[in-house]
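A.B. asks: This is the structure I have questions about; it appears just below.
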Amino acid sequence: MKKILVTGGAGFLGSHLCERLLNEGNEVVCLDNFFTGSKKNVVHLLDNPYFELVRHDVTMPYFIEVDQIYNLACPASPVHYQYNPIKTIKTSVMGAINMLGLAKRIKARILQASTSEVYGDPNVHPQVESYWGNVNPWGPRSCYDEGKRSAETLFMDYHLQNKVDIKVIRIFNTYGPRMHPNDGRVVSNFIVQALQGKDITIYGDGLQTRSFQYVDDLVEAMMRMMNSRDGFTGPVNVGNPNEFTMLELAEKVIQLTGTSSKIVYLPPSQDDPTRRQPDITLAKKELDWEPVVQLEQGLIKTIEYFRGIV
Ligand code: NAD
Ligand code: UDP
């Protein structure tokens with residue numbers, strides 16, 4: 001049994017991770033400021049004596065003795081991270097400094113939830129870890145993209161300078177139950193719109209692409225990365241390489257929900273990446289991992305979840 005700290009543990013991904021870590025016999029401390037996460041996401045875990053929920057903001061130092069730290073605290077949806085951009089970049093940068101400082105002091109292994117957004121609007125396709133990216137440093141997405149890039153720099157510098165045992169994964173678009181119904185991300189938006197019989201909103205021409213990964217596949221990869229061989233730091237891409245246009249996604253959601261909703265086209269979001277697809281050769285080699293849940297199967301489970309709450 002390990003004692004594990006999960007920052008952002010009451011969010012969409014964090015709550016799935018906490019659940020899985022507990023199921024595997026670990027003790028979990030879930031730290032969250034409840035900005036985009038909620039107690040509801042972890043309420044089913046509160047009776048477990050090996051689960052502890054702490055309200056705390058990662059921009060402030062935090063002290064605890066644990067074996068491993070998963071650093072997930074940061075709003076992930078463009079609507080949420082653009083609500084208070086200064087707070088978003090502070091969360092990534094100061095959160096990384098505080099958690100790396102803690103890891104250094106207690107000699108814990110620490111994993112950073114980085115993102116495919118470090119590639120920006122990529123000129124290399126599919127994206128490989130060696131690609132440095134194409135990011136606007138002062139656009140509406142910068143607080144998130146540059147915050148996460150700085151966090152990667154901090155992770156690598158703490159590793160090189162202070163020998164902190166780091167692991168960095170770059171997560172590609174992930175969806176599944178417990179996404180916030182109003183968080184503005186495309187999968188939750190389309191499903192909620194379809195279930196409510198509202199127009200399905202495509203931003204731009206709908207030909208931009210994303211590669212969608214189901215949450216269970218991600219959690220598996222995250223844990224494999226945390227427990228990967230000594231000295232393997234990453235960064236490593238974690239995503240499902242099957243690539244879809246937003247128009248294809250909208251059509252799939254319409255078909256699977258049987259809705260009478262119509263597609264409408266709205267202006268494109270500023271600096272919206274035109275395409276995104278992970279090259280997962282490294283994850284396959286180092287983690288012996290590849291995603292097993294394909295889009296239709298994952299959407300069916302996610303639609304089922306949203307039917308229960310909207
Ligand atoms: P989420 O918004 O549901 O979860 C983020 C959690 O962090 C929430 O519970 C929120 O309350 C908490 N949080 C935010 N700021 C905090 C702060 N200052 N102090 C303490 N807690 C704070 O988003 P998610 O989709 O679960 O994403 C989790 C992590 O994974 C994020 O770091 C995100 O950048 C990363 N990620 C997610 C995706 C994805 O597709 N879901 C893709 C790439 C990277
Ligand atoms: N998008 C869309 N309609 C929506 C929400 C998003 O067409 O209602 C598009 C968005 O412009 C982007 C893609 O879907 O091209 C993915 O957006 P999301 O916010 O889910 O993730 P990210 O842009 O961070 O990859």
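The values are calculated or read from the model by the stated rules, or taken from the named source; none is laboratory data. This structure is a prediction, so every number in the text was calculated from the model and none was measured. With ideal geometry, Cβ positions are generated from the backbone for all residues, glycine too; neighbour counts draw on all protein chains shown. Only protein heavy atoms, including side chains, enter the accessible area calculation; ligands, DNA and RNA are left aside. Shrake-Rupley method; radii C 1.70, N 1.55, O 1.52, S 1.80 Å.
A.B. asks: Considering 149, 109, which residue is in contact (Cβ under 8 Å) with a residue 12 or more places away in the chain and over 17 Å from residue 92 (Cα atoms)?
C.D. replies: Numbers: 149 fails: over 17 Å from residue 92 (Cα atoms).
None of the other options fit; the residue is 109.
A.B. asks: Which condition from (1) under 17 Å from the mean Cα position of the chain (by Cα); (2) of a type outside the set (Phe, Trp, Tyr); (3) assigned to a helix (DSSP H, G or I) is the one that residue 182 breaks?
C.D. replies: (3)
A.B. asks: Let me spell it out: the conditions are (1) away from ligand 2 (no atom under 13 Å from the Cβ); (2) touching a helix residue (DSSP H, G or I) at 6+ places or on another chain (Cβ under 9 Å), and residue 94 meets all of them except one. Which number is the exception?
C.D. replies: (2)
A.B. asks: Does at least one position in the stretch 171-189 carry a residue that is of a type in the set (Lys, Arg) and more than 11 Å from ligand 2 (Cβ to nearest atom)?
C.D. replies: Taking every residue of the stretch 171-189 in turn, at least one turns out to be of a type in the set (Lys, Arg) and more than 11 Å from ligand 2 (Cβ to nearest atom).
A.B. asks: Next question. Would the stretch 183-198 turn up any residue that is without any contact (Cβ under 8 Å) to a residue 24 or more places away in the chain and open to solvent by 40 Å² or more (accessible area, probe 1.4 Å)?
C.D. replies: No.
A.B. asks: Looking at the structure I just gave you, is residue 106 within 17 Å of the chain's Cα centre (by Cα), more than 19 Å from residue 174 (Cβ to Cβ) and more than 10 Å from ligand 1 (Cβ to nearest atom)?
C.D. replies: no
A.B. asks: OK, next. Filter the stretch 212-271 down to residues that are modelled with pLDDT under 95 and charged (D, E, K, R), then give me how many there are.
C.D. replies: Going through the stretch 212-271 one residue at a time, the tally reaches 1.
A.B. asks: Ok, one more. If you scan the stretch 284-310, which residues turn out to be among the charged types (D, E, K, R), open to solvent by 90 Å² or more (accessible area, probe 1.4 Å) and either under 25 Å from residue 178 (Cβ atoms) or without any contact (Cβ under 8 Å) to a residue 60 or more places away in the chain (or both)?
C.D. replies: Passing the criteria: 284, 285, 290, 304, 307.
A.B. asks: Say whether the condition of being in contact with a Phe, Trp or Tyr (Cβ under 7 Å, 6 or more places away or on another chain) and on the phi > 0 side of the Ramachandran plot is met by at least one residue in the stretch 221-233.
C.D. replies: Checked against the condition, which is being in contact with a Phe, Trp or Tyr (Cβ under 7 Å, 6 or more places away or on another chain) and on the phi > 0 side of the Ramachandran plot, the stretch 221-233 yields no hits at all.
A.B. asks: Quick one: would you say residue 281 is open to solvent by less than 40 Å² (accessible area, probe 1.4 Å), over 25 Å from residue 150 (Cβ atoms), of a type in the set (Ser, Thr, Tyr) and modelled with pLDDT of 95 or more?
C.D. replies: Criteria not met by residue 281.
A.B. asks: Given the criteria surrounded by fewer than 24 Cβ atoms within 10 Å (Cβ to Cβ) and at pLDDT below 95, does residue 94 qualify? Steps first, answer last, please.
C.D. replies: On the way: surrounded by fewer than 24 Cβ atoms within 10 Å (Cβ to Cβ): yes; at pLDDT below 95: no.
Judged against the criteria, residue 94 is not a match.
A.B. asks: Could you check residue 206 against (1) open to solvent by 20 Å² or more (accessible area, probe 1.4 Å); (2) away from ligand 1 (no atom under 16 Å from the Cβ) and say which number it fails?
C.D. replies: Looking at each condition in turn, residue 206 falls short on (1).
A.B. asks: Being of a type outside the set (S, T, N, Q), more than 20 Å from residue 11 (Cα to Cα), open to solvent by 20 Å² or more (accessible area, probe 1.4 Å) and in contact (Cβ under 8 Å) with a residue 60 or more places away in the chain: is that true of residue 216 here?
C.D. replies: When the stated conditions are applied, residue 216 does not pass them.
A.B. asks: In addition: So in the stretch 35-73, with the set limited to residues that are hydrophobic (A, V, I, L, M, F, W, C), surrounded by 14 or more Cβ atoms within 10 Å (Cβ to Cβ) and within 24 Å of residue 309 (Cα to Cα), which one is nearest to ligand 2 (Cβ to nearest atom)? First the steps, then the outcome.
C.D. replies: Our first condition is that a residue be hydrophobic (A, V, I, L, M, F, W, C); within the stretch 35-73, this holds for 35, 42-43, 45-46, 51, 53-54, 58, 60, 63-64, 66, 69, 72-73.
Going one step further and asking which of them are surrounded by 14 or more Cβ atoms within 10 Å (Cβ to Cβ), we end up with 35, 42, 45, 51, 53-54, 58, 64, 66, 69, 72-73.
Among the residues that remain, those that are also within 24 Å of residue 309 (Cα to Cα) are: 35, 42, 45, 53.
On the way: 35: 17, 42: 23, 45: 27, 53: 27 Å.
Applying the filter and picking the extreme gives 35.
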